[in-house]
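Read the structure below first, then the notes.
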Amino acid sequence: MKRVFSRITATILAVGTLSACAPQSETAEEKGTVRVLAPQSDSQSGYALKTVDLLGISDLQTVSGKFVRFFMSPRIVKGKLTGRPAVSRFIKNPEGEFIPANEMTQQLVAIYAHTQRLAQLDDELGAGGINSWPRDVGVGVRVKGGQNNNAYYDGDTDSMLVVPYNQAGLPIAINGGILAHEHFHSLFYKVVIKDTAETKATAHTLENFIGTTSIVAEDLTARGRLKPSDIEGADLEEASLQKYYRQAMLRGLNEGLADYWGWMYTGNPDFIAQSLPKEKMNRSMNVDGVFATYELPSATTIKNSIQVFYKAGDTKKFESYVTGYAYVIGTQFSRMLKGFTEVSAKERGLESLAARKDVAKVILRTLSTLKTELVEGEAPYYPAEKYVMSFAKELPEMKQAECEFLAGVMNDSTDEANTRYSCKKNASGLSIESNTISNQEVVE
């Protein structure tokens, strides 16, 4: 953070002659729309110092207002964040713009600016009314074990929590993609899993954040080559297997759709790697080389992976392994959706941002179906192609290339060897239909 902060400070000094730090009385009087110079994440350079109008400010000293209420190193009391507010420090230039004078103030104005944009985006995309405002945001959050370099949405407190960042990349509090990712978690939580049996098991919460064990891609790949029968010991019982399958799929979709939200907002498929470079291989949304496929994990693949984790791993870490595996599933979904968006943009003659927003609208429309079919559904295993089918049904006037892309994903992902998906034209337009084929056709 200090390295990035020093570069921003140098940029500030290059802007022009500045007056001294604005007195507290002056910042206290600033309300409504306040013009600030804020570090904003950029898909090309990583960050840029830009003039931003913070809207609905009620107290510039704490950078609180219509969209955000900040807490410094908060505690949780009765399901809510509590504690002292974060305090800002600004320099005011001759043009009347307020410039953050320290690292914490930079974080506050950047988070506020992104949050107000995400609120406006909610309204534009059809998610207005899901969240309430202002959002509670904890900064400088201290958690058990001293974790650093992360941000997460906590469903229990309906808040976003940002822990300290100590790497040399783009600070997470300034990374608009990560903030958008966490913002999507709040939408998913409220539409799909809140007040259900899956809330604790699949929400992106403080408890899960603390307990998660990181799993590298090489480890997962090695385990994926094993079959449960290759390892001695008893398998998970069917009821437990169904439970952990549901958790892995639901959490995977939550993470994958949230990654898409970060790309939709920033246009950067590597927005996570801007702040966490080691995650580039695991979380990049680009598809090339070894990842040059849009195949989603089949139900059998997920079941086998869970059984392998159970039989080969440390039983004390088993649930953390399943949680880590869900991120792998999520990346497969996010890459598939990015690939679809690029096909859609070309087919419909849209600029990338317009296409990304259109797909985001479709994703929002699938959330209620996810609650019905995955969270509340009675089927023991929800296959990945079922989500693709739900997604296709929500597309307005699906185009031929879009249909063929999605049908191809489903054919590559299904366990049903005798089932093939294809595009059919009917009175209402194109749709994806399943066809049963003979064993001879499967062999051919």
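The values are calculated or read from the model by the stated rules, or taken from the named source; none is laboratory data. Just so it is clear, the model here is predicted, and its values are computed rather than measured. Neighbour counts are summed over all protein chains in view; Cβ atoms, including those assigned to glycine, are modelled from backbone coordinates with ideal geometry. Heavy atoms of the whole protein, side chains included, go into the accessibility calculation; ligands, DNA and RNA do not. Shrake-Rupley method; radii C 1.70, N 1.55, O 1.52, S 1.80 Å.
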Exactly one condition in (1) more than 21 Å from LYS303 (Cβ to Cβ); (2) modelled with pLDDT of 95 or more; (3) open to solvent by less than 20 Å² (accessible area, probe 1.4 Å); (4) not in a helix (DSSP H, G or I) is false for TYR382; which is it? (1)
Going through (1) modelled with pLDDT under 95; (2) more than 16 Å from the chain's Cα centre (by Cα); (3) farther than 21 Å from ASP59 by Cα one by one, ASN175 fails only at (2)
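Residue by residue, here is whether (1) at pLDDT below 95; (2) part of a strand (DSSP E or B) holds:
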position	(1), (2)
ARG7	yes, no
VAL34	no, yes
LEU49	yes, yes
ASP53	no, yes
ALA86	yes, no
ILE91	yes, yes
Looking only at the stretch 404-438, which residues are under 19 Å from MET336 (Cβ atoms) and in a loop (DSSP other than H, G, I, E, B)? THR414, ASP415, GLU416
Would you point out which residue out of ALA401, ALA407 is touching a strand residue (DSSP E or B) at 6+ places or on another chain (Cβ under 7 Å) and at pLDDT 95 or above? ALA407
Any chance GLU397 is outside any helix (DSSP H, G or I) and either surrounded by fewer than 15 Cβ atoms within 10 Å (Cβ to Cβ) or under 18 Å from the mean Cα position of the chain (by Cα) (or both): yes
Here is a list: LYS316, LYS346. Which entry is in a helix (DSSP H, G or I) and out of contact with any helix residue (DSSP H, G or I) (no Cβ under 9 Å at 6 or more places or on another chain)? LYS316
Step by step: first the residues of the stretch 107-163, then only those that are of a type in the set (Asp, Glu) and open to solvent by 20 Å² or more (accessible area, probe 1.4 Å), then the one that is modelled with the lowest pLDDT. Which residue is that? ASP156
Would you please list the contacts, defined by Cβ atoms under 7 Å and residues six or more apart or on different chains, that run from a residue in the stretch 120-141 that is at positive phi and in a loop (DSSP other than H, G, I, E, B) to a residue that is at pLDDT 95 or above and among the polar types (S, T, N, Q)? none
Can you tell me which of VAL362, VAL409, VAL388 is of a type outside the set (S, T, N, Q) and either open to solvent by 70 Å² or more (accessible area, probe 1.4 Å) or without any contact (Cβ under 8 Å) to a residue 40 or more places away in the chain (or both)? VAL362
Go through (1) open to solvent by 40 Å² or more (accessible area, probe 1.4 Å); (2) over 27 Å from MET389 (Cα atoms) and name the single condition THR300 misses. (2)
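Table: residues versus (1) of a type in the set (Phe, Trp, Tyr); (2) within 22 Å of GLN147 (Cβ to Cβ).
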| site | (1), (2) |
| --- | --- |
| PHE271 | yes, yes |
| GLU279 | no, yes |
| ASN282 | no, yes |
| PRO297 | no, no |
| TYR310 | yes, no |
So which residues in the stretch 55-80 are more than 24 Å from the chain's Cα centre (by Cα) and part of a loop (DSSP other than H, G, I, E, B)? LEU60, GLN61, THR62, VAL63, LYS78
Flagged in the stretch 164-186 as of a type outside the set (Phe, Trp, Tyr), open to solvent by 10 Å² or more (accessible area, probe 1.4 Å) and over 17 Å from ASP259 (Cβ atoms), in numbering order, are PRO164, ASN166, GLN167, ALA168, GLY169
Which pairs do you get when a residue that is open to solvent by less than 10 Å² (accessible area, probe 1.4 Å), found in the stretch 316-343, comes within reach of a residue that is aliphatic (A, V, I, L, M) and in a helix (DSSP H, G or I), reach meaning Cβ atoms under 6 angstrom, with the pair 6+ apart or on two chains? VAL322/ALA248; ALA326/ALA248; MET336/VAL409; THR341/ALA355; THR341/VAL359
